[in-house]
Amino acid sequence: MAQNIYDNEGFFAEYSRLPRSIDGLDAAPEWPALRAMLPNLHGKNVVDLGCGFGWFCRWARERGAAHVLGIDVSQKMLERAKSETHDPAITYVRADMERLELPAASFDLAYSSLAFHYLEDFRRLASTIHRALKAEGHLVFSVEHPIYTAPSKPGFVTNSSGRAMWPLDGYLDEGPRSTDWLAKGVIKQHRTVATYINTLVDAGFTISHLDEWGPTREHIAAHPDWADDHQRPPFLLMSARS
């Protein structure tokens, strides 16, 4: 089972204070770039993998999605999502994505924001998603950039967000990495950019777009604390077709 750090009381309390937890999608700096990768959702069936508080589920319905399935391993996240959702066309289900089963050819879009880097078996999930998508379906997701899931060597500093700064430690050595982010001992699975791409291709996907998101100079002028992320992109965004 994937580490369920979000049901840790201390972690959940700290996570709930983040801007993206309070103000939703518009508070996520990478959201405009991720949104630009999305297809027209009118009349579509959507699955949100790692749905958290349900921000994207509700947004998708506002854009005309016929039905949205939100999946998360955290009971606390789902309780919050359900309390803020009043729409019978949105369904929330608790499930571990390491063992996820989805009905074949059922969804037009699979979406995920900052969840896949917690999973050990990305290959299995990629195959599961591919089977669950209809012909010419879309997969759009973000993960923490591998530059950040491979922490810096001992003795080097981290930035104010606790993210490791250059140089990297064992970028090509894939596997679990422990980090202290909002709580001690948060496990993230490090894999290279090439592994993300090749795993999707092996599962049958065609890559549509890749974005190594980082703040622009205009972003930094408005948010000076984002300056470090201009040197090392914090997010990897990808879209693919089934």
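The values are calculated or read from the model by the stated rules, or taken from the named source; none is laboratory data. What you are looking at is a predicted structure, and each value in this text was computed from that prediction instead of being measured. Glycine also receives a Cβ, built like all others from the backbone with ideal geometry; neighbour counts cover every protein chain displayed. The accessibility values were calculated without ligands, DNA or RNA, using every heavy atom of the protein model including side chains. Shrake-Rupley method; radii C 1.70, N 1.55, O 1.52, S 1.80 Å.
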Residue 186 is checked against (1) surrounded by fewer than 15 Cβ atoms within 10 Å (Cβ to Cβ); (2) in contact with a helix residue (DSSP H, G or I) (Cβ under 8 Å, 6 or more places away or on another chain); (3) modelled with pLDDT under 85 and fails just one. What number does that condition carry?
(1)
Condition check: among the hydroxyl-bearing types (Ser, Thr, Tyr) and open to solvent by 10 Å² or more (accessible area, probe 1.4 Å). Does residue 127 satisfy that?
yes
Assess whether residue 43 counts as being open to solvent by less than 30 Å² (accessible area, probe 1.4 Å), outside any helix (DSSP H, G or I) and among the small types (Gly, Ala, Ser).
no
Taking the range 189-212 and keeping residues open to solvent by less than 20 Å² (accessible area, probe 1.4 Å), under 20 Å from residue 34 (Cβ atoms) and touching a Leu at 6+ places or on another chain (Cβ under 8 Å) leaves 196, 200, 205
Quick check on my filter: what residues within the range 9-28 are assigned to a loop (DSSP other than H, G, I, E, B) and surrounded by fewer than 19 Cβ atoms within 10 Å (Cβ to Cβ)?
16, 17, 18
Across (1) over 30 Å from residue 108 (Cβ atoms); (2) assigned to a loop (DSSP other than H, G, I, E, B); (3) not β-branched (Val, Ile, Thr), residue 221 clears everything bar (2)
What number goes with the only condition from (1) in a strand (DSSP E or B); (2) open to solvent by 20 Å² or more (accessible area, probe 1.4 Å) that residue 70 does not pass?
(2)
Counting only residues that are closer than 20 Å to residue 81 by Cα and among the hydroxyl-bearing types (Ser, Thr, Tyr), which one in the range 91-117 is surrounded by the most Cβ atoms within 10 Å (Cβ to Cβ)?
111
Given the criteria within 19 Å of the chain's Cα centre (by Cα) and either assigned to a strand (DSSP E or B) or at pLDDT 85 or above (or both), does residue 173 qualify?
no
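Pull up the range 52-67, narrow it to residues that are in contact with a helix residue (DSSP H, G or I) (Cβ under 9 Å, 6 or more places away or on another chain) and more than 13 Å from residue 113 (Cα to Cα), then point me to the one that is least open to solvent (accessible area, probe 1.4 Å). Spell out how you get there, then give the answer.
Of all residues in the range 52-67, those in contact with a helix residue (DSSP H, G or I) (Cβ under 9 Å, 6 or more places away or on another chain) come to 52-59, 65, 67.
Narrowing further to those that are more than 13 Å from residue 113 (Cα to Cα): 58-59, 65, 67.
Values: 58: 39, 59: 37, 65: 1, 67: 59 Å².
My answer is 65.
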Within the range 137-163, can you find the residues that are at pLDDT 90 or above and either out of contact with any strand residue (DSSP E or B) (no Cβ under 6 Å at 6 or more places or on another chain) or among the aromatic types (Phe, Trp, Tyr) (or both)?
141, 144, 146
